[in-house]
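Asks: Got a structure here, written out as structure tokens. Questions coming.
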Amino acid sequence: IRCWSNIPFITVPLSRAHGKSFAHRSELKHAKRIVVKLGSAVVTRGDECGLALGRLASIVEQVSMLQNQGREMMIVTSGAVAFGKQRLRHEILLSQSVRQALHSGQSQLKDMAIPVLEARACAAAGQSGLMALYEAMFTQYSICAAQILVTNLDFHDEQKRGNLNGTLHELLRMNIVPIINTNDAVVPPPEPNSDLQGVNVISVKDNDSLAARLAVEMKTDLLIVLSDVEGLFDSPPGSDDAKLIDIFYPGDQQSVTFGTKSRVGMGGMEAKVKAALWALQGGTSVVIANGTHPKISGHVITDIVEGKKVGTFFSEVKPAGPTVEQQAEMARAGGRTLAALQPEQRAEIIYRLADLLTDRREEILLANKKDLQEAEDKGRLALPLLKRLSLSTSKLNSLAIGLRQIAASSQDSVGRVIRRTRIAKDLDLEQVTVPIGVLLVIFESRPDCLPQVSALAIASGNGLLLKGGKEAAHSNQILHHLTQEALSIHGVRDAVQLVNTREEVEDLCRLDKLIDLIIPRGSSQLVRNIQKAAKGIPVMGHSEGICHVYVDTDASVEKVTRIIRDSKCEYPAACNALETLLIHRDLLRTPLFDQIIDMLRVEQVKIHAGPKFASYLTFSPSEVKSLRTEYGDLECCIEVVDSVQEAVEHIHKYGSSHTDVIITENEKTAEFFLQHVDSACVFWNASTRFSDGYRFGLGAEVGISTSRIHARGPVGIEGLLTTKWLLRGDNHVVSDFSEHGSMKYLHESLPLPQRNAN
């Protein structure tokens, strides 16, 4: 606990030895001392006369939040000239209107010309008002702010430099936020040829260079430079081919084309880059980002400190492999080449991968053993997740069988004609299947997912980005290597990429220009997080697997316990495992009901009672906290219903539209249930565990979708395809089909070509 002015606040344990900048964005959360530089375009309004108050309030809120976490925040701000210009213009207009009224004797004012205002005078008039505004805003968060005005000469004088350093350290010690600005009222022009003369010298000619100089002098961990552009681009922002540079390395200046400077302020982007590289050389990490965008300005500073992909991050450590953006582009190019292969060639790749899974099983199992050992040593995985992580010879054999099924069923998946229409004479239209594009599949603790999903992507001609959990790193590495080995037989090695960089899942979900579909495979929490984080990219999957089994009055005694046992106990961590057991009221206190309870006790299933079930019992199990619960373990809820209609209503209210089952010998009741339950999978007298791509004969699945668009239920090859329209004509134009034209629409359905019988 730190205290200042008798106000205690909790601090975050932040410390590191200064001298070397952070190598990765993910390390920025450890930054203790941070300088935020606010460019003129960030602080001022669009008319350059006055301050952007809403934006400034948001920045103060973010800085206050970080300060109250125990970080030491400093602000280098522009805005005094703009604020002063607003005040002086107001004064000039007021004085002119008074003079005009006195001399003319008229109340109506004529057009008044406002003289060009000298910047130093504007700065002098605006500095006090700007600081008063900052003080008022910071006071709302119980934080004190202090103003420091400096010039370049202050850094050349050793004594003044020492005084400045001491003042800043004392303010930080007292939990005060220093607000620093160049003293534009008296600032002299920059000295010629004094810029970047070694580590200890940088000419303070604008707030960019001032922020860099302060950051190094104060041994700051992070410098955040906010301007009116997203960061650095490889060509002028706004041009067609401009791409934001995620990470900028010293020596990359040749790859950047600088545009014009911002609408206001002294320094353009080139000045920012020079200052940033100078600070980086001095051991301070730097991020240049947009502080004016209305959608992100409210959290841009906190996002940067949290390590999110915002703006351009300056780093001295260049990764050995490609960036995730480059990997996505490689996957797209590889996917297009893959889609252009003959179906037999794609099938050959999958058959080869199936063979490799069995031929190289020793290597795979050795890598998997390392993952299991590390997980057990760290104790970070629960038993169900350890089970998912584990591979075995039988699992690999099953995988190989599934892959061969995919290969056999993929012969006519891409390019299959699903509709033919004769629009008019010699004008024929076809609708054909094509790949979706680039898929991003994010999976946890399940290395067997990698070859399954890879095979489905290969069969459907899609490029693929894979992001696996770090707990399966060794297993994923060898399985990806084998996948690329199989792809190499037809020269499409790059079509499947494994993301090994420190990319956060949330950052991957923002690559809407590179990724066409996200498929999460993991916990309900993972799926929910991805659905929330995805920016403009569709997400295929389900957030929960709350599966029901309804036992009807006409249920068979022999079938009930077998189906319930298999649905709940065969693999309780699976998304298609039973979570809520619905029992018809007439079955209570019958031998069948006793058999169900005895079987669950023998299997050590913990029972939670629904509200209605609890009301029938004198001594009931613990009452369920929520009827909308996915246990993922040997636990389930039992609830009572009065009819099949009430069972359907319960499923619609509390279910997740995943898989629901009825056990009955009454065909009419069963058909009512099958037709009325609105879930992806609805079964009669069969275990919920059949809801699986392999068991459906799809070979494998990329996941189970509960969405109502495109694909639903276990998603195999068909769910990874979309369509395009091919129109073949002969000098046809729409005007020929007008009222007085020479042609008429036919719209005749044509027979489809024969599908491959194999």
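The values are calculated or read from the model by the stated rules, or taken from the named source; none is laboratory data. Predicted model, so just to flag it, every value in this text is computed and none were measured. All Cβ positions, glycine included, derive from the backbone under ideal geometry; neighbour counts span all protein chains shown. All accessible areas refer to the heavy atoms of the entire protein, side chains included, with ligands and DNA or RNA removed. Shrake-Rupley method; radii C 1.70, N 1.55, O 1.52, S 1.80 Å.
Asks: If I model a spin label as a point 7 Å beyond the Cα along the Cα-Cβ vector, how far apart are those points for Ser128 and Asp412 in nm?
Replies: Output for this residue pair reads 8.6 nm.
Asks: Just to confirm a number: summing +1 for Lys and Arg and -1 for Asp and Glu over residues other than Ala614 whose beta-carbon lies under 11 angstrom from that of Ala614, what do you get?
Replies: Working: positive: Lys612; negative: Glu623, Glu639.
Local charge sum for Ala614: -1.
Asks: Could you please state how large a percent of the accessible area of the chain is carbon and sulfur, counting protein chains only and using a 1.4 Å probe? Kindly include the intermediate steps, with their values, before the conclusion.
Replies: On the way: 17900 of 34840 Å².
Answer for the chain: carbon and sulfur cover 51 percent of the accessible area.
Asks: Consider just the alpha-carbon atoms of region 372-457 and return their Rg together with their Dmax, both in angstrom.
Replies: When restricted to the Cα atoms of region 372-457, Rg and Dmax are 20.8, 72 Å.
Asks: For an R0 of 22 angstrom, estimate the FRET efficiency from the Cβ-Cβ distance between Val557 and Lys612 and round to the nearest 0.05. Don't jump to the answer; show the numbers that get you there.
Replies: Values: r = 23 Å, r/R0 = 1.06.
Using R0 = 22 Å, I get an efficiency of 0.40.
Asks: If you don't mind, another one. Say R0 is 30 Å: what FRET efficiency, to the nearest 0.05, do Lys387 and Gln531 get from their beta-carbon distance?
Replies: Numbers: r = 26 Å, r/R0 = 0.86.
Between Lys387 and Gln531 the formula returns 0.70.
Asks: What is the ratio of the Cα radius of gyration of region 128-185 to 2.2 N^0.38 Å, with N the residue count, to two decimals? Mind dumping the intermediate values first?
Replies: Working: Rg = 12.6 Å, N = 58, 2.2 N^0.38 = 10.3 Å.
With N residues counted in region 128-185, Rg over 2.2 N^0.38 Å equals 1.22.
Asks: Report the gain in length on full extension from Glu135 to Gln147: 0.36 nm times residue separation, minus Cα-Cα distance, nm rounded to one decimal. If you can, show how the numbers build up before the last one.
Replies: Working: separation 12, 0.36 × 12 = 4.32 nm, distance 0.94 nm.
Using 0.36 nm per residue and subtracting the Cα-Cα distance, I get 3.4 nm.
Asks: Under a 1.4 Å probe, what is the accessible area of region 548-701 per residue, stated in Å²?
Replies: Numbers: 6850 Å² over 154 residues.
Per-residue value: 45 Å².
Asks: Once both labels are modelled 7 Å past Cα along the beta-carbon direction, what's the His299-Asp241 spacing in nm?
Replies: 3.5
Asks: Something else now. Of Asp241, Asp512, which has the most accessible area and how do the rest follow, probe 1.4 Å?
Replies: Sorted descending by solvent-accessible area, the residues read Asp241, Asp512.
Asks: I've got another one for you. Could you tell me the distance between the Cα centroids of region 328-392 and region 673-694, to the nearest Å?
Replies: So the separation of the two Cα centres works out to 29 Å.
Asks: Once you put a point 7 Å from the Cα of His676 and another 7 Å from the Cα of Gln373, both along the Cβ direction, what distance in nm separates them?
Replies: 5.8
Asks: Given region 456-525 reduced to its alpha-carbon atoms as identical point scatterers, what log10 I(q)/I(0) does the Debye formula return at q = 0.26 Å⁻¹?
Replies: Normalising to I(0) and taking log10 leaves -1.39.
Asks: Could you tell me the accessible area of Thr433 in Å² (1.4 Å probe, neighbours in place), rounded to the nearest ten?
Replies: Spelled out: Thr433, probe radius 1.4 Å, area about 10 Å².
Asks: How high is the FRET efficiency between His652 and Ile401 when r is their beta carbon distance and R₀ equals 41 Å, given to the nearest 0.05?
Replies: 0.65
Asks: Arrange the residues Arg589, Arg71, Arg416 by how much accessible surface each exposes, largest first, with a 1.4 angstrom probe. Before the final figure, lay out each step's value.
Replies: Values: Arg589 175, Arg71 15, Arg416 45 Å².
I get Arg589, Arg416, Arg71, largest accessible area first.
Asks: State to the nearest 20 debye the size of the charge dipole of the chain about its Cα centre, where the only charges are +1 on K and R beta carbons and -1 on D and E beta carbons.
Replies: Values: 83 positive and 89 negative charges, 245 e Å.
Computed about the Cα centre, the dipole is about 1180 debye.
Asks: Over 20 Å, how big is the tail of the calculated P(r) for region 330-399, in percent of all Cα pairs? Can you show the working numbers first?
Replies: On the way: 1242 of 2415 pairs.
Tail fraction, whole percent: 51.
Asks: Still on this structure, please answer the following. Which entries of Lys467/Lys513; Lys295/Lys513; Lys20/Lys318; Lys274/Lys513; Lys295/Lys318; Lys309/Lys378 have Cα-Cα distances beyond 21 Å here? Before the final figure, lay out each step's value.
Replies: Details: Lys467/Lys513 18 Å; Lys295/Lys513 18 Å; Lys20/Lys318 14 Å; Lys274/Lys513 30 Å; Lys295/Lys318 30 Å; Lys309/Lys378 29 Å.
Table pairs above 21 Å Cα-Cα are Lys274/Lys513; Lys295/Lys318; Lys309/Lys378.
Asks: More than 18 Å apart: what percent of Cα pairs in region 416-497 qualify?
Replies: 51
Asks: Please report the net charge: other residues with Cβ closer than 14 Å to the Cβ of His710, K and R +1, D and E -1. Write down the numbers at each step before the final one.
Replies: Details: positive: Arg708, Arg712; negative: Asp516, Glu718.
So the environment of His710 carries a net charge of 0.
Asks: Have a look at Thr629, Thr618, Leu600 and report the one farthest towards the positive end of the charge dipole of region 589-635, computed about the Cα centre with Cβ charges (Lys/Arg +1, Asp/Glu -1).
Replies: Thr618
Asks: Going out from 0 in 5 Å bins, what whole percent of all Cα-Cα distances in region 627-737 drops into each bin?
Replies: For region 627-737, the binned pair fractions read 2, 10, 15, 18, 16, 11, 7, 4, 4, 4, 4, 3, 2, 1 percent.
Asks: Hey, how much of the P(r) for region 434-585 falls beyond 24 Å, as a percent of Cα pairs? Intermediate values should be presented prior to the final figure.
Replies: Values: 5121 of 11476 pairs.
Percent of Cα pairs beyond 24 Å in region 434-585: 45.
Asks: Less than 11 Å from a label point 7 Å out along the Cα-to-Cβ axis of Asp355: which backbone N atoms in region 449-463 qualify, by residue?
Replies: none
Asks: Then there is this: Please report how far the C-alpha centroid of region 564-613 lies from that of region 487-510, rounded to the nearest whole angstrom.
Replies: So the two Cα centres are separated by 43 Å.
Asks: Diagonalise the Cα gyration tensor of region 265-346 and give the resulting equivalent ellipsoid semi-axes, square root of 5 times each eigenvalue, largest first, whole Å.
Replies: Working: eigenvalues 273, 60, 32 Å².
Computed over region 265-346, the values are 37, 17, 13 Å.
Asks: Just want the answer: with Cβ charges of +1 for Lys and Arg and -1 for Asp and Glu, which residue in Ile301, Phe313, Ile349 is farthest toward the dipole's positive end in region 293-366?
Replies: Ile301
Asks: Now for a different question. When N counts the residues of region 517-619, how does its alpha-carbon radius of gyration compare numerically with 2.2 N^0.38 Å, as a ratio?
Replies: For region 517-619, the normalised Cα radius of gyration is 1.37.
Asks: Okay, moving on. When the distances between all Cα atoms of the chain are binned every 10 Å from zero, what whole-number percent does each bin get?
Replies: 2, 11, 17, 17, 16, 15, 12, 7, 3, 1, 0
Asks: Please arrange Asp554, Asp246 by accessible surface area, largest first, computed with a 1.4 Å probe and ligands excluded. If you can, show how the numbers build up before the last one.
Replies: Working: Asp554 65, Asp246 25 Å².
In descending accessible area the options line up as Asp554, Asp246.
Asks: Still on this structure, I have one more. Normalised by the empirical 2.2 N^0.38 Å for globular proteins, what value does the Cα Rg of region 548-701 take?
Replies: Working: Rg = 14.4 Å, N = 154, 2.2 N^0.38 = 14.9 Å.
In units of the globular-protein estimate, region 548-701 measures up at 0.96.
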